[in-house]
1. Could you name the lysines in cross-link range of K41, using Cα to Cα under 27 Å and dropping any fewer than eight places away on the same chain?
2. Give me log10 I(q)/I(0) at q = 0.19, 0.24, 0.29, 0.30 Å⁻¹ for the stretch 291-341, Debye formula, one equal scatterer per alpha-carbon, no solvent.
3. In Å², and per residue, what accessible area does the chain have when probed at 1.4 Å with the other protein chains present?
4. Using only Cα atoms, what Kirkwood radius does the stretch 213-332 have, in angstroms?
5. Taking only Cα atoms of the chain, what ratio of Rg to Rh do you get with Rh as the Kirkwood inverse-distance radius?
6. What whole number of Å gives the distance from the Cα centroid of the stretch 143-158 to the Cα centroid of the stretch 19-87?
7. Could you calculate, for the stretch 66-125, the ratio of the Cα radius of gyration to the Kirkwood radius, expressed as Rg to Rh?
8. Based only on Cα atoms, what Rg/Rh ratio does the stretch 1-146 have, Rh being taken as Kirkwood's radius?
Amino acid sequence: MDVLQQYMNNLTDSAPRSSAFREELPFGQWRSGLAAAFTEKLGGFPETRTGLEPVLLERVACPGYIRERIEITTYEGLRMPLYLLIPEGASASPAPAVVAVHGHGYGSREITGLDPDGSERQRDPGLHKDFAVSLVKEGFVVAAPEVFGFGDRRLDEDRLSGEPGKNSCFRLSSALLMAGQTMAGYRIYETMRVLDYLETRSEVRSGHIGIMGISGGGLVAGFTAALDERIACAVVSGYANTFAASILTRNHCLDNYIPGILLEAEMPDLLGLIAPRGLFLESGDGDPLFGPAGSKLALGRLQQIYSAAGHSGQVGADFFSGGHEIHGGPAFAWLRGQLAD
């Protein structure tokens, strides 16, 4: 190992992690302290929430479900489109809901069976595997937000480039950092606003909302669940790991970085804030970004945290044969069990 890499490893390894989980602390005291510190590192959230002002953009009948595209206000002056997939029968009998959060790619259309222009996709679905469609076919109402910096929510220079997968993460993240905010914080808060919207929908069964995300969407899913207890359970796919074994081992998108977070805790501790609510990890044995070794370390730490919370059976994992991708089957079955009556 070269001298510079060794120096950087020593620097990050020696960060104090002042809010890391310690068994001698009462679980509730630890959780509330880390949640407050984490929120501060993210840049904080608005003290008051602006009106959602939802607008229906389109409504399409699909086999077995209705697909709506809706736009809501998240921050004052900032609008977010999202897809809402509603299974047949949900209008008569409310169903559990899942927020499905896409990762890097061309946005919410990538997980809802659509091409970048909104037409029905005829080609391979890629790593996302249209998991929002899979979830609605499992009987869930599914909200698939357009994550800030992707799809329709890019800077003009990227949106008009002719490259659907070109994102605006770097420039948006840079501007937020200069203003004392973080992209992670913005995406987490906007996902909380999706929860606000779901609570207004009669098709959604109250108190039965889960979340699932892949890659960068796994960050959003896991950390939103950590800080918003309205989420009953979470599936984190292709992300749950340690910072040391994942984003600190290579160049990653700037949206992954939270200034000073290692002064407070490592990633498993942050995900541990979800306890005692359910948490399920997906990790492919060939994932080059968030590999299984770090994911297994994270799971071990999470098992320790959940045991301290008195709910050791509420954390699980699917270590599957595959890469950086959605696996699905075991996670969907786990969500059904978590969100059932």
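1. Leaving aside lysines fewer than 8 places away in the same chain, those within reach of K41 are K296.
2. At q = 0.19, 0.24, 0.29, 0.30 Å⁻¹ the computed log10 ratios are -0.78, -1.03, -1.11, -1.12.
3. Numbers: 13830 Å² over 341 residues.
It amounts to 41 Å² per residue over the chain.
4. Details: mean 1/r = 0.0712 Å⁻¹.
After inverting the pairwise mean of 1/r, the radius is 14.0 Å.
5. That ratio is 0.95, to two decimals.
6. Centre-to-centre distance over Cα atoms comes out at 16 Å.
7. Numbers: Rg = 13.4 Å, Rh = 13.3 Å.
For the stretch 66-125, the value is 1.01.
8. Numbers: Rg = 21.1 Å, Rh = 18.9 Å.
With Rh from the inverse mean 1/r over Cα pairs, Rg/Rh is 1.12.
The values are calculated or read from the model by the stated rules, or taken from the named source; none is laboratory data. Nothing here was measured: the structure is a model prediction, and the numbers come from that model. Heads up, the Cβs are rebuilt from the backbone with ideal geometry, glycines too, and the neighbour counts pull from every protein chain shown. To get the accessible areas, we keep the full protein, side chains included, count just its heavy atoms, and leave off ligands, DNA and RNA. Shrake-Rupley method; radii C 1.70, N 1.55, O 1.52, S 1.80 Å.
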